[in-house]
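Here the structure is laid out as structure tokens; the discussion comes afterwards.
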Amino acid sequence: MSDKYKIGVVIVAAGSGLRFGGLKQFKSLKQKPLYLYSLETFASHPLIAEIALVVPSDLKNEISEQSKELNKNIKVVDGGELRQDSVLAGINALSGECDIICVHDAARPFVTKTIIDKAFSECEKYEGIVVAIPASDTVKEVSRNSNRVKRTIPRETVWLAQTPQVFRREKLLQALDYAKTKQLVVTDEATLLESLGSSVAVVEGDVNNFKITTKADWFNAELIMRSTND
């Protein structure tokens, strides 16, 4: 990636954790809060200038203290009601010099420098980059009102989105404004850029870069931690 760009990262850690049964992003994994794993990885990356960590407002002071030891320009900011509100709050906390915005889920602790570099390497060619993995299973589209299969989707064309996702700042802001105007609620920012016809591409991620959503995911994360420390 050209050094003419300045990269800012928004790490989203403001979710309620309803499916997990609590705020898993602040639960200790191997005696360290989950969110710190990805935060430390981004903070150690030489191309990243600034980081905004978006958290629930009642935890802001506590998290600010925990992140002080990292040698990076990290701002801890209040999250919003929706994911896109939290992402916008993170962008607004970064300086206007950050023309590339990288968005990552705090609940994905196993992101690596290699994955981040892959995303950065392609962001000059496109307006948005999504880290994703190719689907390995057969994919069925099912009716919302029943279990009836509508069609089988060729898995060769299906990729499972992860984060980080990397965007041109102005395009991401335009997409977030579009979502607010149209009252759209999405699960990732790339969907909004796609709605506007922006050029979005995928780079291959890693199966271990999964999002911890359920207790089973947490168990898998613990297994990975044990295997890397054996």
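Rule-based calculations on the coordinates, nothing more; no lab input. Bear in mind that the values here come from a model prediction, so they are computed numbers and not experimental data. Every residue, glycine among them, receives a Cβ derived from its backbone with ideal geometry; neighbour counts consider all protein chains shown.
Some values worked out for this structure:
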| quantity | calculated |
| --- | --- |
| Matching helices (runs of 4 or more DSSP H) fully within the range 136-230 where at least 3 residues are over 20 Å from G90 (Cβ atoms) and of a type in the set (K, R) | none |
| Search result, residues across the range 85-114 that are buried (at least 23 other Cβ atoms within 10 Å of the Cβ) and assigned to a helix (DSSP H, G or I) | S86, V87, G90 |
| Condition check for A119: more than 14 Å from L47 (Cβ to Cβ) and not in a strand (DSSP E or B) | no |
| Residue satisfying condition, being of a type outside the set (F, W, Y) and either at negative phi or in contact with a strand residue (DSSP E or B) (Cβ under 9 Å, 6 or more places away or on another chain) (or both), within set K30, K24 | K24 |
| Some residue of the range 149-168 being basic (K, R) and surrounded by 20 or more Cβ atoms within 10 Å (Cβ to Cβ) | yes |
| Qualifying residue in the range 73-81 (condition: more than 12 Å from the chain's Cα centre (by Cα), assigned to a strand (DSSP E or B) and polar (S, T, N, Q)) | yes |
| Answer from N92, N61 - the residue that is under 23 Å from L23 (Cα atoms), out of contact with any Gly (no Cβ under 9 Å at 6 or more places or on another chain) and not small (G, A, S) | N61 |
